[in-house]
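First the structure, in the form of structure tokens, and then the observations on it.
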2 protein chains.
Amino acid sequence: MSTPPSSTNAAYDRLVARFGRIGAIGEAAGILSWDASAMMPPGGGAARGEQLAALAGIRHDLLVAPEVAEDLAAASAEGAWEAANLRLMRHAHRRATALPTSLVEAIARANSNCEKVWRIAKRDADFAKVRPLLEEVVRLAREEAQAYGAALGLSPYDALMDGYQPGVTAADVDPVFAAYESWLAEALPKAEAIQAARGPAMPLTGPFPVAKQRDLCAAMAATVGLDFAHARLDESLHPFCGGNPSDVRITTFYDEQNVAKALLGVLHETGHAMYERGLPAGFARQPVGEAAGMAAHESQSLIVEMQACRSNAFLEFLGRKLHAAFGGDPTPYQAANLARLWRKVERGFIRVDADEMTYPAHVILRFRLERALIEGGLEVADLPAAWNEGLQGLLGITPPDDALGCLQDIHWHDGAFGYFPSYTLGAMAAAQLMAALRRAEPDLDAQLAAGDMAPMMRWLNQAVHAQGARLGFQDLLRHATGKSLDPADFTAHLSARYLVD
Amino acid sequence: MSTPPSSTNAAYDRLVARFGRIGAIGEAAGILSWDASAMMPPGGGAARGEQLAALAGIRHDLLVAPEVAEDLAAASAEGAWEAANLRLMRHAHRRATALPTSLVEAIARANSNCEKVWRIAKRDADFAKVRPLLEEVVRLAREEAQAYGAALGLSPYDALMDGYQPGVTAADVDPVFAAYESWLAEALPKAEAIQAARGPAMPLTGPFPVAKQRDLCAAMAATVGLDFAHARLDESLHPFCGGNPSDVRITTFYDEQNVAKALLGVLHETGHAMYERGLPAGFARQPVGEAAGMAAHESQSLIVEMQACRSNAFLEFLGRKLHAAFGGDPTPYQAANLARLWRKVERGFIRVDADEMTYPAHVILRFRLERALIEGGLEVADLPAAWNEGLQGLLGITPPDDALGCLQDIHWHDGAFGYFPSYTLGAMAAAQLMAALRRAEPDLDAQLAAGDMAPMMRWLNQAVHAQGARLGFQDLLRHATGKSLDPADFTAHLSARYLVD
């Protein structure tokens, strides 16, 4: 389908060579970052910092060199893929040249200072400690948003979102999130009542030896379709998916007492990994050969983990595999019990521990607060109170302290504004893609119950993976499902899973 | 002792920043190369090639940029270390600018083509298959040697040696090798007679479980002084030492039936690793902060493996550790038996299998042949006959085919001429350093018998490691031992070890 970039346009060809080099350096940095988390001895950290800084500096230099602007002005591209590639090159160049070096350096310094103090403030549940540093981060993020916005013709907050998920704006997100808030206000008490009436789940009793967990996780990743001739599974404190499309590396963290953590985590990361593996190889290391953004990426991890692997059908298969691996009483491994264990709705303070129904509430809260922080209307001093009020409104609970409130996430304290919506856009897109997939594959549940994910992954490959970054978020959804973001598929999914007695 | 580079000279400071970046990219490439051997899934190879090529290209671009020549012309440096650093920068720049790009590309292509066919020719013991490709490699290597020689004011072959071990020339090596040849002609039959009279060694009977071998190897590396907060020990097909001074990575290959292979190999690589660890941290990623060359590096692996760890004293300690790890009959683990097993003189065809007494003969053969190939006097067509005649003269044996003769090593078939002498220069330097160390540490044997390598490694650190690349090979030996290369220490070592009944 995708062919290697080719053009008789010399300027475009030079750009392809340059962006190929930039892409190769990005891949190198990706492996070094993976290594830092999964392999590096602790004493290697300072040198690794120098290595990554050198690569980042060189990437930037290659991107902003004067001849790039000339070639971008002169270049034309034949073919839709080449045209998209050129558009993305121009976009990357506009972003790279939008900020003066002095601002980039000030941001890096402020983020680094704030992030360090945030760890202490969070540990001590003491927002006052980090407040002045976060104020500086926000002040600079506003400058950054203005500068990106001016360069890209976007509003300041949209310009930050664009850095994580191009092709979707706050105007797209706002009504979708408002509708979800209304739906949740009615649905959540119903789900809780149904769950309470059902009674508690039987626990899975460990220990679950790490070696067996590792084998099972690798086998399940292979079931999803991961080819270990092009992939690794390792361990790190915080699980992630790194590497590059021909050499994708997922990590997890094994807990001998809790088999679900690594297993569901690996299925999640395998969804990310399959996206990377399926990107168009003919455009490797070119902008159009990359993934379409963070929300698109999250849609692929969540469609595997949440939509497919936590479905009743797949839990049948997974329960058999778990019991075969660990033995003992088969009763807790029955699909219905796994569903109770792994699909439990619960109002909580912590986003990363949230279930799929309440998770969007945590994101909606952050989206509204960060948008107000960037566009004005909220100051850092007022953040803790606004946070607590917002969570009370969304979930009816108030954090007892800021460690369980506005200090819980690293994002803002490291200068990342505009990222949070991606989580929920991804969850909604996953449901929307799953609904389209079910129309295309009427036998999907039978396939999942048999552990056959090949038809699903083939469909996702064509619909999403092989599209690379050719389409922005909304266009990708239109291509894959026939409509732009529609939260009705997500609420329908949740209703079927949590609101049926 | 060493302080961070500093100077009021703006040109020197710019060069330090630039070479720091070049050094960081080199470190990044080092980790990626390690990863390719020790971690990478096979499918990642093509992308890894793109990544390493991009990094090599950028290093080269940074080195040959026009402003480098200007800064090198303008720069002055305060202090001996800074002056040496500047000298090495000029040297690196001269080498990088010596070859026209067209020649660099032709060499890369010819080497790659030849190397591929060499694997088939070696498998088939059929020199004719690779001959035309090797002729092209040699033709280009002659051009390369001419160009480097003109840029550096060295003879063509010396200019190639300089790429691996600066500070030593063929004129230094030739008489040293000739003297060794004469010594060996007398010593080898004597050593063989003594060995024969002694009777065979008792074998160490496995299996030796890999997990236990791994623990023992790590413990022995730690005994030498390796700090695993700054190091890793992993597995790869061909053992090596990679990484960088604060994050050094050694690999080995475990054989359940043969414990010596991994154990002695790890001790060898640990010698390399200790050199890297001990390089002057104040000049990290600067030319003067690197090791002094390949012969200097080999001296550090061999002084640990051959001089210290195969000594009678250390074999006492090692035998106890081996028996403690694997149990069974203690008799074969006695030092005298380990000495018979691991210090066995044997005339063979294969360099990498050779003992320390006959190994130099293999190197002398290659040194003479490759010098004649580069400087004229030998053509590729005549190589197999010259090889066989040379080995007959040196060791009194003739290879039955070219796979056991001139096809056995990759070096020439991959364009590496001038490297081979480093092995034997390193072995000789190791003996010379050991003799000096014994004068400084009269209790060395008692220390080694107790597994206490700290005094030895402290001495080596001061004498060699902490000197970085400040001194060339001969100057480094003069600094550390009071004299330039003197093979008498090596033959004295061999005489004491092999010629005493």
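Report the residues of segment B:154-186 in range of a label on B:R478: point 7 Å along Cα→C-beta, backbone N strictly under 17 Å from it.
Only B:166-173 fall inside the zone, counting backbone N under 17 Å.
With the cut-off at 1.5 for a/c, could you classify segment A:454-501 from its C-alpha gyration tensor as rounded, prolate or oblate?
In terms of gyration-tensor shape, oblate.
Order these peptides, A:23-35, B:199-211, by their mean beta-carbon neighbour count within 10 angstrom, highest first.
Put in order of decreasing packing, that is A:23-35, B:199-211.
If you wrap segment B:67-157's Cα atoms in a convex hull and average its projection over all directions, what's the area in nm²?
Result: a mean projected hull area of 7.9 nm².
Just round it to a whole percent: the fraction of Cα-Cα distances in segment A:396-501 exceeding 21 Å.
Value for segment A:396-501 (Cα pairs over 21 Å): 52 percent.
Give me the compactness ratio for segment A:124-246, meaning the Cα radius of gyration over 2.2 N^0.38 Å.
Its radius of gyration relative to the 2.2 N^0.38 Å reference: 1.67.
Can you order the peptides B:107-114, B:428-435 by their average number of other Cβ atoms within 10 Å per residue, highest first?
Order by mean packing, descending: B:428-435, B:107-114.
Just how large is the dipole of segment A:361-443 about the Cα centre, in debye to the nearest 20, putting +1 at every Lys and Arg Cβ and -1 at every Asp and Glu Cβ?
That gives segment A:361-443 a dipole magnitude of about 400 debye.
Counting only other chains, what is the mean number of Cβ atoms within 10 angstrom of the Cβ of each residue in peptide A:229-237?
For this peptide, the per-residue mean of nearby foreign Cβ atoms is 2.
Quantify how strongly other chains surround peptide A:239-246 by giving the mean number of their Cβ atoms within 10 Å of each of its Cβ atoms.
Mean partner shielding for this stretch: 3.
Per residue of segment B:475-491, in order, report the coupling 6.51 cos²θ - 1.76 cosθ + 1.60 (Karplus, θ = phi - 60°) as ³J(HN,Hα) in whole Hz, putting x for Gly and Pro.
Once rounded to whole Hz, the list reads 5, 4, 5, 4, 4, 7, 10, x, 8, 6, 3, 9, x, 4, 5, 5, 5.
Roughly how big is chain B's charge dipole about its Cα centre, with Cβ charges of +1 (Lys, Arg) and -1 (Asp, Glu), in debye to the nearest 20?
Approximately 560 debye in magnitude.
Using a 10 Å cut-off on Cβ atoms, rank the peptides B:45-56, B:298-309 from the highest mean neighbour count down.
B:298-309, B:45-56
Select from B:A191, B:A229, B:A436 the residue farthest towards the positive end of the dipole of the protein assembly as shown; place +1 on Cβ of Lys and Arg, -1 on Cβ of Asp and Glu, and compute about the Cα centre.
B:A191
Specify which residue in the list B:Q447, B:W342, B:L302 is farthest towards the positive end of the charge dipole of segment B:168-501, using unit charges on the beta carbon of Lys, Arg (+1) and Asp, Glu (-1), about the Cα centre.
About the Cα centre, the residue reaching furthest to the positive side is B:Q447.
If one puts a single equal scatterer on every Cα of chain B and applies the Debye formula without solvent, what log₁₀ I(q)/I(0) results at q = 0.08, 0.14 Å⁻¹?
-0.51, -1.69
If you count, for every residue in B:26-38, the Cβ atoms of partner chains within 10 Å of its Cβ, what is the mean?
Whole-number average of other-chain Cβ neighbours for B:26-38 is 4.
Go ahead and estimate [θ] at 222 nm for the protein assembly as shown from helices alone: -39,500 (n - 2.57) per DSSP H run with n ≥ 4, summed, over the residue count, rounded to 500.
Per the formula, -21000 deg cm²/dmol.
Roughly what would the spin-label model give for A:D61 and B:H238, points 7 Å off Cα along C-beta, in nm?
Modelled inter-label distance: 3.1 nm.
Put one equal scatterer on each alpha carbon of segment B:115-176, apply the Debye formula with no solvent term, and list log10 I(q)/I(0) at q = 0.14, 0.15, 0.20, 0.26 1/Å to two decimals.
Values returned for q = 0.14, 0.15, 0.20, 0.26 Å⁻¹ are -0.56, -0.61, -0.79, -0.92.
Which of rounded, prolate, oblate describes segment A:175-223, given a ≥ b ≥ c as roots of the alpha-carbon gyration tensor eigenvalues and a/c under 1.5 marking rounded, otherwise prolate only if a/b is larger than b/c?
oblate
What percent antiparallel are the DSSP beta bridges of the protein assembly as shown, to the nearest 5?
Within the protein assembly as shown, antiparallel bridges account for around 50 percent of the total.
Classify segment B:10-162: rounded, prolate or oblate, from the alpha-carbon gyration tensor (a ≥ b ≥ c, eigenvalue square roots; a/c under 1.5 rounded; otherwise prolate if a/b is larger than b/c)?
Note, shape of segment B:10-162 comes out oblate.
About its Cα centre, how strong a charge dipole does the protein assembly as shown have in debye, to the nearest 20, once Lys and Arg get +1 and Asp and Glu get -1 at the Cβ?
Rounded to the nearest 20 debye, it is 700 debye.
Using r as the Cβ-Cβ distance of B:D353 and B:A466, and R0 as 41 Å, what FRET efficiency do you calculate, to the nearest 0.05?
0.75
From the label point of A:P330, set 7 Å from Cα along Cα→Cβ, how far away are the matching label points in the other copies, in nm, ordered shortest to longest?
Shortest to longest, the spacings are 5.5 nm.
Kindly count the pairs of lysines across chain A whose alpha carbons are less than 18 Å apart, treating pairs on different chains or eight or more residues apart as eligible.
Number of lysine pairs found: 6.
State the antiparallel share, in %, of DSSP beta bridges confined to chain A, rounding to the nearest 5.
Approximately 50 percent, going by the DSSP bridge assignments.
Values quoted throughout were computed directly from the atomic coordinates according to the rules given, and no laboratory measurement underlies them. Just so it is clear, the structure is predicted and the values come from calculations on it, not from any experiment. All Cβ positions, glycine included, derive from the backbone under ideal geometry; neighbour counts span all protein chains shown.
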